[in-house]
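Everything below concerns the one structure shown next.
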Amino acid sequence: MKTQGAIIGAGPSGLLLGRLLDLQGIANIIIEAKSPEYVLSRIRAGVLEQGTTDLLRTAQGSDRMDREGLVHEGFALSFAGDSRRIDLKKYSGGKSVLGYGQTEVTKDLMDARIASGATQFYEAEQVTLHDIESDHPVVRFVHQGTQQRIECEYIAGCDGFHGVSRQSIPSDRIQLFERVYPFGWLGILSRTPPISHELIYSHHERGFALCSMRSDNLSRYYVQCSLDDRVEDWSDQRFWDELCCRLPAESTRQLVTGASIEKSIAPLRSFVAEPMQFGRLFLVGDAAHIVPPTGAKGLNLAASDVYTLYHLLRLRYQDRRHDVLAQYSSLCLRRIWKAERFSWWMTSLLHKFSDDPFGRKIQEAELAYYTSSEAGLSTIAENYVGLPYEPIPN
Ligand code: RFL
Ligand code: PHB
């Protein structure tokens, strides 16, 4: 088989890139290790920046998002028994974010791909990348027992943190930057009305908690937990008791509890691989960088990488600008490091790192300072709604 772009991974990055290229007549094949059902069973992000929603509209996969997404013009930061609203619209020059689950984004893009009839392989095994430094890289894999070979012009590595793409780059040609946090997030999904129509991020002496939602009758809650905890250690009752304890008293009166329909633990990590390209391979999204979820940036950063690669590939194929792809990594990394900084800062501010009372007092002073200063509120708001995309060279 031959194509212009081979896309490894059918998470949001791979599907969005594939769809955008399709609409421009740039041929591509998607190769995904898991089944569609498995990909859709992963409950992850819930908050989309305007740049992400605009790109999904360009991809013509946004009708349901525009109907069902919940616009958030602010969120609450709670600490020391107090709750302060961050007015995103006021402090970011009129912007907001959209509550719409990653699962739904993925489903909409999967449906669009099926409708377009573009080639894709799910449950691909033993995916390997070859001749990446040549003009004709090759992707090999086994599909339903048959060996497949795809010769292409470019490879987009959209296969997440544990994928094969980044690992195909020789270790002396890539630099890794990493911070692993000493705790995780235990998340549950429950068919109950959300505690509030806006998200609540809560700093508490027992640890961080977050209240989010997917719809008027589907809530998503998280509590900071130990890395040694297992999901089985957390009965629904234990989860609700712990959540209640970590939220300001006035909001717990609105908390409706119920059976969990999903429960999982995620470790927290900051990670960047530089550069994000090697020969004809371009790393996109979680394959190149990870942020702790506190700033709601992971999926949004994946979308901004897709934006950059899509526009550079258009210049390459439609304007025959063979030189521009060399700028992919540096264009992406400028924005990525700012989002890494914000996610690290939100995580440092809101979680319990130790029993040190001095550290906790400093966290509370920092929260009080940022939420009582116009400059502080603007800093939080403009980062949370998403910093501007880097301009594409012309
Ligand atoms: P994905 O979603 O991991 O998809 C990669 C795909 O590649 C496949 N794959 C392979 N395919 C072929 N060959 C191989 N060898 C392969 N190895 C892997 C995988 O099966 C998979 O289908 O990466 P992508 O597309 O870059 O998307 C990134 C996002 O998923 C991620 O950044 C976000 O979920 C992060 N995140 C959040 N981001 C936000 O922007 N806003 C949020 O509110 C938000 N909340 C979150 C989050 C992540 C969380 N967890 C679980 C880490 C909340 C949580 C709890
Ligand atoms: C979510 O709804 O899953 C969510 C929202 C905001 C975050 C992280 C996760 O910062």
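The values are calculated or read from the model by the stated rules, or taken from the named source; none is laboratory data. None of these values were measured; they are calculated from a predicted model. Glycine gets a Cβ as well: all are built from the backbone with ideal geometry, and neighbour counts include every protein chain shown. The protein model used for the area step is the full one, side chains on, heavy atoms only, and it has no ligands, DNA or RNA in it. Shrake-Rupley method; radii C 1.70, N 1.55, O 1.52, S 1.80 Å.
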What is the angle, in °, between the Cα long axis of helix 298-318 and the longest principal axis of the Cα atoms in the chain? Nearest 10 is fine, range 0 to 90.
20
Going by alpha carbons, how many degrees (0 to 90, nearest 10) lie between the helix axis of 357-372 and the longest principal axis of the chain?
80
Sort out for me the Cα centre separation of region 370-394 from region 38-86, rounded to whole Å.
16
Overall form of region 239-358 per C-alpha gyration tensor (a/c, 1.5; a/b vs b/c):
prolate
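Carbon and sulfur atoms: what percent of the 1.4 Å accessible area of region 173-218 do they account for?
Numbers: 930 of 2000 Å².
Using a 1.4 Å probe with all protein chains present, region 173-218 comes out at 47 percent carbon and sulfur.
Restricting to the chain, what percent of DSSP beta bridges are antiparallel, rounded to 5?
Values: 54 of 71 bridges.
Percent antiparallel among DSSP bridges in the chain is about 75.
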For region 239-300, the charge dipole (Cβ of Lys, Arg +1; Cβ of Asp, Glu -1; about the Cα centre) points to a positive end, and the Cα of PRO267, PHE278, GLY298 closest to that extreme belongs to PHE278
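How large is the Kirkwood hydrodynamic radius of region 1-154, counting all unique pairs of alpha carbons, in Å? Present the calculation step by step, with values, prior to reporting the outcome.
Numbers: mean 1/r = 0.0572 Å⁻¹.
Value: 17.5 Å, from the Cα pair sum.
Excluding GLU262 itself, calculate the net charge of residues whose Cβ lies under 15 Å from the Cβ of GLU262, where each Lys or Arg counts +1 and each Asp or Glu counts -1. Could the numbers behind the result be given before it?
Values: positive: ARG42, ARG44, ARG191, ARG214, ARG220, LYS263; negative: GLU37, GLU104, GLU232, ASP236.
Taking every other residue near GLU262 into account, the sum is +2.
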Could you tell me how far the Cα centroid of region 90-152 sits from the Cα centroid of region 263-299, in Å?
16
Dimensions of the chain along principal axes (Cα, Å, largest first)?
61, 43, 43
Per-residue ellipticity at 222 nm attributable to helices in the chain (runs of n ≥ 4 DSSP H, -39500 (n - 2.57) apiece, nearest 500 deg cm²/dmol) works out to -11000 deg cm²/dmol
Could you tell me the accessible area of ARG57 in Å² (1.4 Å probe, neighbours in place), rounded to the nearest ten?
100
Rank ILE188, ILE362, ILE150 by mean-square fluctuation in a GNM of the chain with C-alpha springs under 10 angstrom and give only the top-ranked residue.
ILE362
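What is the projected area of the convex hull of the Cα atoms of region 145-265, averaged over all directions, in nm²?
On the way: hull surface 50.0 nm².
Taking a quarter of the hull surface, the average projection is 12.5 nm².
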Past 26 Å, Cα to Cα, is the threshold; run LYS263/LYS297; LYS107/LYS263; LYS89/LYS352 against it and keep the listed order.
LYS89/LYS352
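State, as an integer percentage, the relative contact order of the chain based on alpha-carbon contacts under 8 Å between residues 6 or more apart.
20
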For the chain, the longest principal axis of the Cα atoms and the Cα long axis of helix 102-116 enclose an angle in degrees, to the nearest 10, of 20
What does DSSP give for region 1-129 in terms of the percent of beta bridges that are antiparallel, rounded to the nearest 5?
65
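If you filter region 212-249 for trypsin sites (Lys or Arg not before Pro), then keep DSSP loop positions with at most 16 other Cβ within 10 Å, what is left? Mind showing how you got there, number by number?
Numbers: sites: ARG214, ARG220, ARG230, ARG238, ARG246; in loops: ARG230.
Taking region 212-249 and a limit of 16 other Cβ atoms within 10 Å, the loop trypsin sites (Lys or Arg not before Pro) found are ARG230.
Order the following by accessible area, largest value first: HIS311, HIS162. Probe radius 1.4 Å; ligands, DNA and RNA are ignored.
On the way: HIS311 45, HIS162 155 Å².
These residues rank, largest area first, as HIS162, HIS311.
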